[in-house]
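Report on the structure given below.
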Amino acid sequence: MGNGIAVELTAARKPKPSQQALGFGRYFTDHMFMMDYEADRGWHQPRIVPYQPIVLDPAAKVFHYGQTVFEGMKAFRAKDGRIRLFRPDAHLRRMNRSNARICVPPIDEETVLTALKQLIAVDREWVPENEGTSLYIRPFIIATEPLLGVAPSRQYRLTIILTPVGAYYGEGIRPVRIHVEPDDVRAVAGGVGEAKTAGNYAAGLQAQEEAARQGYDQVMWLDGVHRQYIEEVGSMNVFFRLGETVVTPALSGSILAGVTRDSAIRLLRLWDIPVEERNVSIDELVEAHRAGALREAFGTGTAAVISPIGELQWRGERFAIGNGDPGPLARRLYDAVTGIQRGGEPDPFGWMADLD
Ligand code: COI
C-alpha cells in the first residue's frame, strides 16, 4: 500500500445485522486497524487486519492504572450512496488533548485519519443507509507495557473498530428522563474530566445503575466542589433554553468538550439565537422551572446526536419539561445536524469529510 498501511483481508466475512435492529455498539465489522508505539520507535506498523480478540500481557499497564483514551465519531451513507465522516479532524484533535492529559504519546492526526478512511473503505458495505443509522467509529489507545510501576507506559496500541449503529436511546428522537445526582460526582476540575478516558465512565456507573432502577435514562452530574453547577449528562453535554436564551455549562476543565456541543453552539449562533456558555446551577434551573422559563432541555453527543430531555428529577422532586414531545429547538438542531450528516442539507461549516 502506498501509505504504508499493511492490509490483511478476512477469509470469513460475517453476516450483516438487520438495519432495523442495530441498537448501539453490538455488531462489529469484518476488519480493524492497529498500530503500535514503543518509546524508541514511535508509532509504527500500521495495519488493517481481520476483526479479532487482542492478546495482552496481564501486567499491561492499562489493566492496572487506566492509561487509556478513546474517541467516538461517525460516518454516514448519503442518499447518493457516498460515505462521509462528520468532523473527524475535531475528534482526532480531541484525542490528542486526551492523550496529553494522561501522558499517552500524541498520534499523527493525518496518519490516523488516512487509516480510518481506509478501514471504512475496506468495510464500506457495513455502512448502513436507513434514516437514523450510521457507522460509529471507536478509536482507542491502551498502555501495553507489562510493568507494574506507576509511571507512563513506554508501549501503547492504537486500535480502531467500527460498529453500525441505530439510535443510542431506543428509536428516533424521544425525550429522555434524567436523574440529577446529589452524591456521586463524575469528575472535578484539575482531574481528568475533560479527557475521554475510561475511568470517567466507570465513575458514573454506580449512579447510573441507581437512576436506571428508578426508571431514569441517564444521570446529570453536578460539579464536585459546590455540588451546584451542572456539568454534563452521562453520555452527552447539556443545553437549556431559559426564556429566549440557550445556556450550556462552560468548559470548566471537568467537562468533555463535545464535538456535537460545539456544532450545536455554532448552528445556534448562525441562526442568531442567543447562546451562553456559563455556569448554570441546579437552583437556577429549579427557579426557572417554577417561573415557567425552562422551556427546553436537550443533550448533545456523537452517539446521542440531539436528545431532548423531558424530565429532571432532583432530590425526589420531578420537573417535567415540555409536553412529552421533542421541543422545537431540539427538533430544529436534530434536523440540521442529521441533515448535514446525511447530505440532505447544505454544510455551511464544511464539517463533512469525504472518504477519498
Ligand atoms: C459518544 O457519544 O461518542 C460517546 O463516546 C458516548 C458514549 C457512547 C460513551
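The values are calculated or read from the model by the stated rules, or taken from the named source; none is laboratory data. Note that the structure is a prediction, hence the values are computed from the model and not measured. We place every Cβ from the backbone using ideal geometry, glycine too, and count neighbours over all the protein chains shown. These area figures cover heavy atoms from the full protein model, side chains too; ligands, DNA and RNA do not enter into them. Shrake-Rupley method; radii C 1.70, N 1.55, O 1.52, S 1.80 Å.
Of (1) open to solvent by 10 Å² or more (accessible area, probe 1.4 Å); (2) of a type outside the set (Asp, Glu); (3) within 21 Å of Gly301 (Cβ to Cβ), Thr111 satisfies all except one. Which?
Going through (1) open to solvent by 10 Å² or more (accessible area, probe 1.4 Å); (2) of a type outside the set (Asp, Glu); (3) within 21 Å of Gly301 (Cβ to Cβ) one by one, Thr111 breaks only (3).
Among Gly350, Gly327, Gly316, Gly343, which is the only one that is closer than 28 Å to Gly253 by Cα and more than 16 Å from the ligand (Cβ to nearest atom)?
Gly350
Quickly run through the stretch 282-304 and pick out the residues that are within 19 Å of the chain's Cα centre (by Cα) and open to solvent by less than 20 Å² (accessible area, probe 1.4 Å).
Residues of the stretch 282-304 that are within 19 Å of the chain's Cα centre (by Cα), as a first pass: 297-304.
Selection gives Ala297, Phe298, Gly299, Thr300, Gly301, Ala303, Ala304.
Do you know which of the residues in the stretch 327-356 that are part of a loop (DSSP other than H, G, I, E, B) and not small (Gly, Ala, Ser) is surrounded by the most Cβ atoms within 10 Å (Cβ to Cβ)?
This residue is Trp351.
Which residue pairs have Cβ atoms under 6 Å apart, sit 6 or more places apart or on different chains, and have a first residue in the stretch 16-37 that is more than 15 Å from Gly72 (Cβ to Cβ) and a second that is among the hydrophobic types (A, V, I, L, M, F, W, C) and within 16 Å of the ligand (Cβ to nearest atom)?
Listed by first residue and then by second, the contacts come to Leu22/Val165; Thr29/Leu162; Met32/Ile161; Phe33/Ile160.
Output the number of residues of the stretch 43-69 satisfying the condition of being open to solvent by less than 30 Å² (accessible area, probe 1.4 Å) and under 27 Å from Gly191 (Cα atoms).
7
Applying the selection to the stretch 315-326, what residues are under 17 Å from Ile282 (Cβ atoms) and either outside any strand (DSSP E or B) or open to solvent by less than 30 Å² (accessible area, probe 1.4 Å) (or both)? Give the steps one after another, and end with the answer.
As a first pass, look at the stretch 315-326 and keep what is under 17 Å from Ile282 (Cβ atoms): 315-321.
Listed by number, the residues that qualify are Arg315, Gly316, Phe319, Ile321.
For residues in the stretch 232-247 being within 16 Å of Leu267 (Cβ to Cβ) and polar (S, T, N, Q), which is least open to solvent (accessible area, probe 1.4 Å)?
Among those residues, the one meeting the criterion is Asn237.
Modelled with pLDDT of 95 or more, polar (S, T, N, Q) and either more than 16 Å from the ligand (Cβ to nearest atom) or on the phi > 0 side of the Ramachandran plot (or both): is that true of Thr68 in this structure?
Spelling it out, it is not the case that Thr68 is modelled with pLDDT of 95 or more, polar (S, T, N, Q) and either more than 16 Å from the ligand (Cβ to nearest atom) or on the phi > 0 side of the Ramachandran plot (or both).
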